[in-house]
Amino acid sequence: TTVYLKDYQPFPFVVQQVALTFRLAPGATRVLAALTLAPNPARPGVHDLRLDGEGLALIAARIGGRALAVSPDETGLTIPAAMLPAEGFVLETEVEIAPEGNFSCEGLYMSGGIYCTQCEAQGFRHITFYPDRPDVMAPFKVRIESDMPVLLSNGNPGAQGAGWAEWDDPWPKPAYLFALVAGDLRAHRGDFVTASGRKVDLAVWVRPGDETRCDYAMDSLIRSMRWDEEVYGREYDLDVFNIVAVDDFNMGAMENKGLNIFNSKLVLASPETATDDDYGRIEGVIAHEYFHNWTGNRITCRDWFQLCLKEGLTVFRDQQFTGDMRSHAVKRIEDVMMLRARQFREDQGPLAHPVRPESFIEINNFYTATVYEKGSEVIGMLKRLVGDQGYKAALDLYFDRHDGDAATIEDWLKVFEDATGRDLAQFKLWYSEAGTPRVKVSEAWEEGVFTLTLSQVNPPTPGQPEKAPKVIPVAVGLLNPNGDEVRPTEVLELTEAVQSFRFEGLASRPVASVLRGFSAPVVLEREVAAEERAFLLAHDTDPFNRWEAGRGLAREVLEGAADAGLWVQGMVRLMQDGGLDPAFKALALRLPGDDEMAATLAGKGQVPDPEAIRDRRRALHMALAEALRAELPAMAAPLGVRFAPSAEQAGRRALRLAALGLLGRLDLGAVAAAHRASDNMTEEVGTLAILLENGAGGPEVASFEARWKAERLVMDKWFALQVGCAAPEAVAGVVERLTAHPLFDWKNPNRFRSVLGALSANHAGFHHGSGAGYRLMADWLLKLDPLNPQTTARISTAFETWGRYDAGRKAHARAALERIKGTEGLSRDLGEMVGRILG
Ligand code: ARG
Ligand code: ZN
């Protein structure tokens, strides 16, 4: 069934207190719940009490000690109004569940012998009967009975004894923030004193043996706590903050109140086993989950349509944090690359949906790049439009006014209106209309006046054929022909379909740097001479646009629209500039990905040929290698320092690996030698990828396996690399071989993604003309779907671009999708996705 935003109604009861007792056993866990309920004045009248609950064996239900003659249906339990006392009452239920047989990574499940939970979005209903909706908030008391040595839940620790422990969470919270962990875990401890002097005990809980890999996560947590105090004035509000790492997790991590649960790949790190990218992601996700304590937990969402209220804002905050910790320019470039690769792809295909959707079948299918990353971009635009002071005033008002609330996007926009006096009615379209606006730029120079004319087109998306013009902040700076900035960045506000902006008092025709910092999530369509892009690549004072100039030039070369020479020469000059950040140089050297090129061509009405795209990319890479031949040995030299996970070293390693990638086109022996000499995972895995991309690496793959076979997170990389780097005609065979490997534990989401996720990321391989990639993908999605529908639904997005390709490929993709769709017992998750992808 489809749920609609417009149908929202408050729950007819308020939950004043929740008391839960868990008697843990793998095959038969008992959950006893006592809910203190009262009529909700916001929903007058007589109402049945409807509780959500799925897969629960009801043992008993009582009100005021008297047994109720009720039995649950497929989705919950109804207690007729006639059985309910008129005033407040306590409902007690007892249910039995089996965490051991639960492979969905939702509700209460077991990962490597550890009991753990995942309740967002609607997992709590797999634990007990409850109004499982975010606007029902209550304080929770939890008692855990188990012989496991470590027993954790939300809030502050209470009494404990042999075989039991109690927890008390005083902050009212929705059920999706509930968590419980029980297992043989070791703590890496730390502490923190808040700005107002409250002492907080911190711990990162991991399996025995992993305690030595927690330093970076703990350090990231402490820096996050300090940053949120300094930048947003937000203090932590409990005596303890616990993080637990588990190996089986559908997503990255979860912000449960006081007890964050993480995918172990986002906690555990050592130089030997984690790459610089892993360290960066750990820092960012630890921060993200911590920041949810205010943006998500203290202020939560009224309903799941408001998901971007917490996710867009929390992504925005974690992006700011990483920028402050590392480099704003580098972070912005990385975020935009990600946005284009994932969100633009989504927004321009059959799965396009608004940042705030208006309906859904399965809410887990809306934890998307649009809700998260475009949700963050929308906040970035808002901040640009109201300025830093306006943003700060609005956020202070938001925390002040809505602390303890389950809020909406309307509430969010209202604080900006009230704090700044700005009318945001038109801006709100960013929340309700899907699709990536296309902004055309043309320019004129006449009698000392430079005019930029901007026009916007908002293309149709599923269910939204027509759209109104949006408010688009376009940051622009002007350079004069010798490269000096003659007009610093200013923000033009495009609010109509077409608008012109005049710049007066200029001595000569300037070069415009448009959409600086990627000031809006749009596709810029600008007829620029390749020479002008090369000029901006050399001179732009805005680091994002400097990178973007090179990227745009490379895209044109790969499209066959520009000559390779200009880009290659631009890159050579950039590499010779000793003043530039190595991380920036490494990003500049990265060629547009094959999927990005396919999207670019499709956007121009062409049918992309995956193998031709791949061949061109490799040829351009080779041309650059030849042009940089003289520079490469120095660029590829070892750093000669002891490994530290700093942004500074990470940038130098990234540049070194980019250089080795180029050198590999000329001399693979040098890469093999660097691989043998590497003493950290960044370089070990980076060099192995280069060998594999060049059709070598056989012996190295074998020795890597021998060395790392006991390390799950490292072996995930081993699986992913072989699939990701395989040649288009070979990838199906590689997937078949690896899925038959004894370590291919397909029930483990990370391992499944390391092969099937990597297959979808291998553009020419997945879209091979034989259709073998599509068939294999369908086979594996169907195999996993009965056990873990969230993961299969997510990976099914591999097919979202199928409509771009030629008739032969489309026929293969359609056959695979129809086969999935026609399978009996298909999950609601995958069923919804495949239905939308087929259109
Ligand atoms: N709120 C979590 C985060 O942003 C994501 C959890 C989503 N999980 C899910 N099964 N939908 O970090
Ligand atoms: Zn989040």
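So here's what we get for this one:
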| read-out | value |
| --- | --- |
| Of all DSSP beta bridges in the chain, antiparallel share, percent nearest 5 | 80 percent |
| Point-to-point label distance, LYS440-ALA630, nm (Cα→Cβ direction, 7 Å offset) | 4.5 nm |
| Lysine pairs within segment 694-839, Cα separation less than 21 Å, 8 or more sequence positions apart or different chains | 6 |
| Greater than 19 Å apart at Cα, pairs in LYS310/LYS414; LYS374/LYS470; LYS199/LYS310; LYS440/LYS470 | LYS199/LYS310 |
| At R0 = 41 Å, FRET efficiency that the Cβ-Cβ distance of ARG590 and ALA702 yields, to 0.05 | 0.90 |
| Taking MET338, MET597 and counting other C-beta atoms within 10 Å, the order from fewest to most | MET338, MET597 |
| FRET efficiency for ASP779 and GLU235, using Cβ-Cβ distance with R0 set to 56 Å, rounded to 0.05 | 0.65 |
| SER432-GLN9 pseudo-label distance in nm [points 7 Å out on the Cα-to-Cβ vector] | 2.4 nm |
| Reciprocal mean inverse distance between Cα atoms of segment 206-310 - Kirkwood radius, Å | 14.4 Å |
| Amide proton proximity set for VAL15, modelled H, under 5 Å, gap of 5+ | MET137 |
| Distance between segment 473-549 and segment 644-721 - C-alpha centres, whole angstrom | 38 Å |
| Prolate/oblate/rounded label for segment 590-748 (Cα gyration tensor, a/c 1.5) | oblate |
| Student exercise, segment 260-355 dipole from Lys, Arg, Asp, Glu Cβ charges, in Debye to nearest 20 | 300 debye |
| Whether segment 320-428 is rounded, prolate or oblate, judged on the alpha carbon gyration tensor where a/c under 1.5 counts as rounded | oblate |
| Which of ALA702, THR93, ALA341, positive extreme of dipole for the chain (C-beta unit charges) | ALA702 |
| For peptides 75-86, 131-142, sequence by mean Cβ density within 10 Å, most packed first | 131-142, 75-86 |
| Net charge over other residues, Cβ less than 12 angstrom from the Cβ of LEU668 (K, R count +1; D, E count -1) | -2 |
| Lysines with Cα under 16 Å of LYS141, excluding same-chain neighbours fewer than 8 positions away | LYS173, LYS257 |
| Relative packing of 798-808, 751-761, 696-706, which averages over residues the other C-beta atoms within 10 Å, highest first | 751-761, 798-808, 696-706 |
| Unit charges at the beta carbon, dipole of the chain: most positive-side option, ALA187, PRO521, PRO39 | PRO521 |
| Cα-based shape type of segment 43-103, given that a ≥ b ≥ c are square roots of the gyration tensor eigenvalues and the cut on a/c is 1.5 | prolate |
| Euclidean distance between Cα centres, segment 276-310 to segment 254-268, Å | 11 Å |
| Length gained when the stretch ASP201-ILE222 is fully extended (0.36 nm per residue, less Cα-Cα span) | 6.5 nm |
| ALA673-ALA67 FRET efficiency (beta carbon distance; Förster radius 60 Å; 0.05 resolution) | 0.20 |
| Of PHE450, PHE129, ALA726, farthest towards positive along the dipole that unit charges on Lys, Arg, Asp, Glu beta carbons give the chain | ALA726 |
| Given charges at beta-carbon only (K, R positive; D, E negative), |dipole| of segment 360-499 in Debye | 280 debye |
| Fully extended contour minus Cα-Cα distance, from ARG50 to ASP396, at 0.36 nm per residue | 120.8 nm |
| Size of electric dipole in the chain: Cβ of Lys, Arg +1 and of Asp, Glu -1, about Cα centre, debye, nearest 20 | 860 debye |
| Note, ³J(HN,Hα) from phi for segment 513-521, Karplus 6.51, -1.76, 1.60, rounded to Hz, x at Gly and Pro | 10, 10, 6, 4, x, 6, 6, 8, x |
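Where a number appears in this text, it was derived from the coordinates with a stated rule and is not lab data. Only a predicted model underlies this, so the values are computations on that prediction, with no experimental measurement involved. We place every Cβ from the backbone using ideal geometry, glycine too, and count neighbours over all the protein chains shown.
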